[in-house]
Each structure stands twice: as structure tokens, then as C-alpha cells.
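Student: Encoded as C-alpha cells, here's the structure I'll be asking about.
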Amino acid sequence: MREAVAAFVHDGDTVSLEGFTHLIPTAAGHEIIRQGRRDLTVVRMTADIVVDQMLAAGCVTRLVSSFVGNSSAGSLGELRRRIEHADPEPLVFEEYSHYGMVCRYLAGAQRLPFYPLRSYAGSDLPSVNPGIRKVTSPYPAADGSTEDIYVVPPVHPDVTFIHAQRADRRGNTQIWGLTGVQAEAVYAAEKAVVVVEELVADEVIRADPNRTLVPAHAVDAVVLCPRGAHPSFAQGYYDRDNAFYRAWSAISKDPARLRGWLEEWVYGTADHAAYVAKLGEEFWAGLAVGEAPSGSVDYGRRL
């Protein structure tokens with residue numbers, strides 16, 4: 001992780017961190033903090049705890065998102081201070097709907113100049129975000145009239161980080177369970193780093209090819225980082241740390257307490273392995289999950 005962040009994240013970059021509730025690339029965010037990156041634009045559909053931490057560490061000056069909050073468990077104290085009171089400094093916040101963000105990634109991945117969508121009709125978002133615009137369709141509407149439709153611009157991160165269950169050493173990456181826009185975020189970016197719970201042999205990937213969400217040709221680096229999505233979960237590997245989510249609102253509400261948490265758990269740990277060890281095996285046993293196999297599939301072969 002240290003090498004990947006050093007190689008692909010630079011001051012002033014646009015960095016995407018994607019994973020929708022599940023498989024959040026927290027360890028990547030922590031390493032960006034450790035390396036002291038500054039003036040970043042962070043693109044994340046659901047800006048949550050890891051964004052709050054990166055803000056508190058002074059890494060982020062611009063946020064592009066469609067949701068901000070502590071995943072049903074409360075507020076993000078640092079983010080609220082920055083937006084509501086410019087404390088300790090203002091945050092540029094570019095807000096879209098969830099589908100608007102999906103469309104931005106799709107436009108970026110497909111190298112389109114914009115992506116059309118209907119869901120902003122009647123919304124206040126276009127009035128607060130000049131990036132949401134209207135164009136006249138070159139095709140007539142069903143009644144033959146001229147139609148104006150909302151569009152959003154593409155997003156092209158300098159680098160996208162995603163977390164996944166497993167990949168082979170070439171970067172063929174498999175995800176199961178709840179997915180988000182990981183593939184689109186990877187294809188929209190100039191560079192992509194996949195963080196995984198385990199590296200597996202080529203044969204494991206080939207045995208179940210439909211789970212390969214991101215293929216090797218789209219990946220620039222693979223990082224082995226077990227438990228790197230904590231406090232979110234990795235389906236089949238460990239559960240969501242709900243207690244941490246509930247605790248975060250009180251931690252982040254107090255700037256001194258938040259900075260103390262960063263000193264102990266991010267700056268005070270050399271890497272994510274040290275973070276995992278500090279939590280202890282008894283803690284991880286509490287997040288353990290049982291087996292739930294999903295059968296086998298016969299893809300057939302040429303005789």
C-alpha cells in the first residue's frame with residue numbers, strides 16, 4: 001500500500017475511493033493520510049468515515065459526492081465543520097444525486113463528453129451545482145416536440161482505489177455481495193489500484209469467471225491488505241463494525257478527540273497490518289463470519 005500510494009497519489013490529484021457500504025477502501029485512505037498528501041479532490045459517491053478522516057488530516061480541499069453521512073449512524077463532524085462554518089477552512093463541495101454520480105462515472109469510463117439523465121426534473125440540485133446542465137436533444141420527443149434534458153459531465157480521476165475480496169497477481173479482480181460503481185470508477189480513471197483481502201492463483205479466477213468485475217487490463221497495481229475495508233465489511237471475510245460507526249459521531253464531533261484518534265490509529269500505526277494487530281485477534285473474532293457456500297457451476301467444455 002505504501003508503494004502504491006507513493007506511486008499513484010500526488011498533491012493536487014483527483015482520487016476516487018469507491019465501494020458502496022461494502023468493501024470501502026479505508027486502508028488506502030489511511031495510507032494517503034500517513035503520506036501527508038494535500039490539496040486532493042476526493043470523488044466518492046457515499047462520503048463517509050474515511051472521507052471525514054482525510055478531511056481532518058488536511059488532505060482534501062474539494063469533495064465530489066452524492067451523500068455525506070456516517071452510514072445511518074450519525075453525522076460526520078469534520079465535514080460539517082468545514083461546510084457549515086469553514087472551520088478550520090472551507091471545503092469546496094460538488095453535490096450530485098446517486099444516479100448523477102453513476103452517470104458521471106459512466107461518461108468518464110466511456111470517454112463521453114456528458115451523460116443524459118431525467119432524474120433532475122423538479123430537483124433543486126441544478127440550482128446549487130452549475131455542473132448539472134441542460135442540452136437540447138437532437139431527437140424529437142414522443143409527441144414530436146423539442147426536448148431539453150439534463151446532463152452531467154464525465155469524471156476522470158487521476159487514480160481510483162477500490163477494495164475487493166480477491167484478485168490474481170495480474171489484477172483480475174473478483175467481487176461478490178453488494179457492489180457499487182467499482183468497475184466504472186476504475187475505467188474512468190487514469191490509473192487504478194485494487195486492494196484485496198487475498199491473492200489467489202490464476203486457476204481460482206478462471207474457475208469462476210463471472211465474478212471477475214474488473215479485468216487485469218484495467219488495473220495498474222494490486223495491493224494485498226487483509227481487513228483493509230474496516231470498519232465496513234467484506235462479504236465472506238468479516239462483518240461490519242457497527243460499534244465503530246456508532247462511536248464515530250462522538251469522536252468526530254470533538255476536533256481534539258478526532259485528531260487524537262488519528263494520532264493513535266493512523267499516524268501511530270506504521271501500516272494497516274499494524275492497525276489490524278493493534279485491534280487484536282479477540283476484536284476480529286467478534287467480526288468473524290461463518291461459511292455460506294453458493295454451490296458450483298458447470299460451464300461446460302469443448303469435447
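The values are calculated or read from the model by the stated rules, or taken from the named source; none is laboratory data. Everything quoted here is computed from the prediction, not taken from an experiment. FYI the Cβ positions are ideal-geometry reconstructions off the backbone, even for glycines, and counts take in every protein chain you see. The accessibility values were calculated without ligands, DNA or RNA, using every heavy atom of the protein model including side chains. Shrake-Rupley method; radii C 1.70, N 1.55, O 1.52, S 1.80 Å.
Student: Using 0.36 nm per residue of separation minus the Cα-Cα distance, give me the extension gain between Asp254 and Val128 in nm, one decimal. Spell out each step's value before the answer.
Tutor: On the way: separation 126, 0.36 × 126 = 45.36 nm, distance 2.92 nm.
Working it through step by step, the gained length comes to 42.4 nm.
Student: Per the helix-only calculation at 222 nm, which mean residue ellipticity applies to the chain, given -39500 (n - 2.57) for every DSSP H run of n ≥ 4 and division by its residues, nearest 500 deg cm²/dmol?
Tutor: On the way: 12 runs with 96 residues, N = 303.
It comes out at -8500 deg cm²/dmol, rounded to the nearest 500.
Student: Could I have the simple spin-label model distance between Arg169 and Ala7, label points 7 Å from Cα toward Cβ, reported in nm to one decimal?
Tutor: Calculated label separation equals 1.4 nm.
Student: If you roll a 1.4 Å probe over the heavy atoms of the protein chains, what accessible area per residue do you get for segment 1-115, in Å²?
Tutor: 35 Å²
Student: For segment 146-265, just say rounded, prolate or oblate: build the C-alpha gyration tensor, square-root its eigenvalues into a ≥ b ≥ c, call rounded for a/c under 1.5, and beyond that prolate if a/b exceeds b/c, oblate if not.
Tutor: Oblate.
Student: Compute the Cα gyration tensor for the chain, then decide on rounded, prolate or oblate, letting a ≥ b ≥ c be the square roots of its eigenvalues: rounded whenever a/c is under 1.5, prolate when a/b is larger than b/c in the other cases, and oblate in all that remain.
Tutor: It comes out oblate by the Cα gyration axes.
Student: While we're here: Could you list which residues have their amide H under 5 Å from that of Phe233, counting only those 5 or more apart in sequence or on another chain, with H placed in the peptide plane?
Tutor: Counting only residues 5 or more places away or on other chains, the set is Leu23, Ile24.
Student: Segment 102-167: which trypsin sites (Lys or Arg not before Pro) are DSSP loop and have at most 12 other beta-carbon atoms within 10 angstrom?
Tutor: Arg111, Arg118
Student: Moving on. What does the charge count around Ser16 come to, taking other residues whose C-beta lies under 11 Å from its C-beta (Lys +1, Arg +1, Asp -1, Glu -1)?
Tutor: -2
Student: Between Ala277 and Ala247, what is 0.36 nm times their sequence separation minus the Cα-Cα distance? Round to one decimal in nm. Intermediate results must be reported in sequence, preceding the final value.
Tutor: Values: separation 30, 0.36 × 30 = 10.80 nm, distance 2.02 nm.
Stretched out fully, the Ala277 to Ala247 stretch lengthens by 8.8 nm.
Student: May I pose another question? Taking square-rooted eigenvalues a ≥ b ≥ c of the alpha carbon gyration tensor, is segment 1-96 rounded, prolate or oblate, where a/c under 1.5 means rounded and, failing that, a/b exceeding b/c means prolate? Walk me through the numbers before you get to the answer.
Tutor: Values: a/c = 1.71, a/b = 1.25, b/c = 1.37.
Here segment 1-96 falls in the oblate category.
Student: For segment 41-198, which whole-number percentage of the solvent-accessible area (1.4 Å probe, protein heavy atoms only) is attributable to carbon and sulfur atoms?
Tutor: Summing carbon and sulfur atoms, their accessible area is 51 percent of the total for segment 41-198.
Student: So how far apart, in nm, are the two label points at Thr136 and Arg206 if each is 7 Å from Cα heading toward Cβ?
Tutor: Distance between the two pseudo-spin positions: 5.7 nm.
Student: So for the pair Leu112, Ala288, with labels modelled 7 Å out along Cα→Cβ, what separation do we get in nm?
Tutor: With each label placed 7 Å out from Cα toward Cβ, I get 4.8 nm.
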